[in-house]
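Reading through the C-alpha cells given below for one structure.
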Amino acid sequence: MLKHLLVGYDGSESSQQAFRLAMEMARANQGRVLVASILQVVEGGDTCALMMTETAEQRTRDLVDELKAIAPDTSSLVDAEIAFGSPGDVLLSLVKQHHIDHIVIGHTGRGTLARWLLGSVSDDVLSRAHVPVTVVR
C-alpha cells in the first residue's frame with residue numbers, strides 16, 4: 001500500500017503533474033506526500049550556509065503556498081522540505097529517512113545533449129531507487 005509518497009518538485013509543469021498524481025494516490029490510500037524541492041549548491045563556506053538557511057526558510061513558505069494553489073487540501077496530506085545537494089542523491093536519502101513507499105517525479109523532456117551534459121534526475125533515481133518510481137511526462 002502506498003502510504004508515504006515522495007515528490008521531487010522544481011516548479012515545472014511536469015513536477016506539478018507529479019504532485020497532482022501523488023496527491024491522488026495519497027487520498028486513495030489515506031497516505032501522505034513529502035514534497036522535496038532540491039537546490040544544487042556549487043560552492044560552500046559559512047556565508048553560503050547561512051544564506052542557504054535563510055533561503056530555505058523563505059523557499060519552504062513559498063513552496064507551501066505554491067502547493068496550496070495547486071491542491072487546496074495540501075495542509076492535511078503534505079509535508080514540504082527544501083534540501084541542498086545533488087537531486088538524485090537527496091531524493092534517495094529522503095526515501096530512507098522518511099520510509100517512503102513510492103517516488104513520483106516529473107520528466108523535464110530535455111534534449112539528448114542537455115541530458116548527457118547535465119544528467120537526468122529521473123534517470124538517476126530510476127536506476128538507483130529501491131522503491132517504485134513513477135515518472136510523469
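None of the figures in this text is laboratory data; all of them are computed from the coordinates on show. Nothing here was measured: the structure is a model prediction, and the numbers come from that model. Using ideal geometry, Cβ is built from the backbone for each residue, glycine included, and neighbour counts are taken over all protein chains shown.
Okay, here's what the table says:
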item	result
Nonlocal amide H pairs with residue 134, under 5 Å, H built at 1.01 Å	103, 104, 105
Burial order of peptide ranges 78-87, 123-132 (average beta-carbon count within 10 Å, highest first)	78-87, 123-132
Amide hydrogen neighbours beyond the local backbone of residue 83, cut-off 5 Å, H modeled	37, 38, 39
Karplus (6.51, -1.76, 1.60) ³J(HN,Hα), θ = phi - 60°, over segment 84-101, in Hz, Gly and Pro reported as x	10, x, 6, x, x, 4, 5, 4, 5, 6, 5, 4, 5, 4, 10, 6, 6, 8
Difference of contour (0.36 nm per residue) and Cα-Cα distance, residue 24 to residue 96	23.6 nm
Amide hydrogen neighbours beyond the local backbone of residue 10, cut-off 5 Å, H modeled	15
Using a Förster distance of 25 Å, the FRET efficiency for residue 40-residue 75 (Cβ separation, nearest 0.05)	0.35
